[in-house]
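Okay, structure first, notes after.
All of the numbers you see were taken from the coordinates with simple rules; none came from a lab. A quick note: this is a predicted structure, and the numbers were derived from the prediction, not measured. Backbone-built Cβ (ideal geometry, glycine too); neighbour counts: all protein chains shown.
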Amino acid sequence: MTSPNSDKALPDVALTSRSSHSTTLDWVGMSGIALPLVIKDINEPEQRIDAKVQTYVNLNNPQVKGIHMSRLYLLLMKYAENEVVTVAGLREFLSHLLDSHHDISDCTSLKIDFDYLIKKSALKSQFSGWKDYPVSINGFLDNGKVVIELSVKVPYSSTCPCSAALARQLIQEQFSKDFNGRADISVDEVEGWLRSEKGTFATPHSQRSTAHVVVRLDESVEQFPISEVVDVIEDALQTPVQTAVKREDEQEFARLNGHNLMFVEDAARRVKNALNQQASYLDFWLRVEHYESLHAHDAVSITTKGIEGGFEPHLHR
């Protein structure tokens, strides 16, 4: 038995109705779309990710009431089921999104947010563990030009040079007090004193920190350099946070922090210098943040590659 309305087309208000206010809109679309995807990193095997996606088109016809959101959603479902996410594939997919609204739009955007897992070896021991890095992929297609950006947040440890100097001064003062007037101190006595609590003063300004970088990729890039960006940042800073840790790893971590003392400005300059040497990064935006252990506020440094027409130094991105 058929429905009495089965031979009638369902109404499309977005298509048949006119807007009550004749104006264009910059972006219309959806956010918070849950989507399982498979992504290919330039140096890692394919990895399945649980992503949150947002996608938009502009509305450049002031008379049209709305866009067809179902078209965007169904294209995303097909993309997730049939494609591996690569830079080259994303460039093509952006054109499909725009084609779905070619009569009312001339630009589109897509953002994919997810955590990317990379297995990292311990500093000294034979163990290893997984680290997750928050990643965002941003794609834009505007008047035939495609821009692909990769955003990665990398945690690391930072120790303030000033605090380290203050701690060293306390050690020196305590040593002078304990051995005052003695001219015949043996090596064994000094070593024993250094191993004791008398020779221990904590560095009061040592904390977990984050380098958040957004890189704009060259057109020649075909696969996402997530692990490459992580390595560039961690190699520049030398104090990455750890996963599996035995005592020898913790001691090595202490050594690395002590040999890489840095203010937030030092960290930003280290990373900026390293990013500037990557030819496939057309431009970048960098925010370095130290989550202060001494203060109730955080220390922040923001910088860009600084090319003409590149990123603006936004405080929040």
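By average Cβ neighbour count within 10 Å, what is the ranking of 281-292, 251-262 from highest down?
Descending packing order for the listed peptides: 281-292, 251-262.
If you plug each phi of the stretch 225-233 into the Karplus form 6.51 cos²θ - 1.76 cosθ + 1.60 with θ = phi - 60°, what whole-Hz ³J(HN,Hα) values come out, in order, with x for Gly and Pro?
With the stated coefficients, the stretch 225-233 comes to x, 4, 5, 5, 4, 4, 5, 4, 5 Hz.
How large is ³J(HN,Hα), in whole Hz, for each residue of the stretch 212-220 in order, when computed from phi with the Karplus curve 6.51 cos²θ - 1.76 cosθ + 1.60 and θ = phi - 60°, using x for Gly and Pro?
Values, residue by residue: 10, 10, 10, 10, 9, 8, 5, 4, 6 Hz.
At 10 °C and 1.306 mPa s, grab the translational diffusion coefficient of the stretch 103-186 from Stokes-Einstein with a Kirkwood Rh over Cα pairs, rounded to a whole number in µm² per second.
D, rounded to a whole number, is 84 µm²/s.
Report the equivalent ellipsoid semi-axes for the stretch 71-110 in whole Å, largest first, defined as the square roots of five times the eigenvalues of the gyration tensor built from alpha carbon atoms. Spell out each step's value before the answer.
Numbers: eigenvalues 64, 29, 8 Å².
After diagonalising the Cα gyration tensor, the semi-axes are 18, 12, 6 Å.
Debye calculation, C-alpha points only, no solvent: report log10 I(q)/I(0) for the stretch 60-142 at q = 0.10, 0.16, 0.18, 0.21 Å⁻¹, in the same order as the q values.
The Debye formula, applied to the Cα set alone, gives -0.39, -0.73, -0.85, -1.03.
Going by alpha carbons, how many degrees (0 to 90, nearest 10) lie between the helix axis of 264-276 and the longest principal axis of the chain?
Between the helix axis and the principal axis of the chain, the angle is about 60 degrees.
Using every Cα-Cα pair within the chain, state what percent have a distance larger than 29 Å.
Summing the P(r) of the chain above 29 Å gives 53 percent of all pairs.
As a test of the formula, what do you get for the chain when each DSSP H run with n ≥ 4 contributes -39,500 (n - 2.57) and the sum is divided by the residue count, at 222 nm and rounded to the nearest 500 deg cm²/dmol?
On the way: 8 runs with 96 residues, N = 317.
Computed ellipticity for the chain at 222 nm equals -9500 deg cm²/dmol.
For the stretch 175-247, what mean projected area does the convex hull of the alpha carbons give, in nm²?
Values: hull surface 36.9 nm².
Across all orientations, the stretch 175-247 yields a mean hull projection of 9.2 nm².
Can you put H68, H101 in order, fewest other beta carbons within 10 Å first?
H68, H101
Net charge around Q207, counting only other residues with Cβ within less than 15 Å of its Cβ (Lys, Arg = +1; Asp, Glu = -1)?
Here the count lands on -3.
For the stretch 97-139, what is the convex hull volume of its Cα atoms per residue in Å³?
Measuring per residue, one finds 67 Å³ for the Cα hull of the stretch 97-139.
What number does the stretch 175-317 give for Rg over Rh if you use C-alpha atoms and the Kirkwood radius?
Over the Cα atoms of the stretch 175-317, Rg/Rh equals 1.14.
On each of the three principal axes of the Cα atoms of the stretch 211-278, give max minus min coordinate, whole Å, ordered largest first.
Largest to smallest, the principal-axis extents are 45, 27, 16 Å.
Taking the highest mean first, how do the peptides 209-219, 164-174, 148-158 order by number of other beta carbon atoms within 10 angstrom per residue?
Top of the packing list down: 148-158, 209-219, 164-174.
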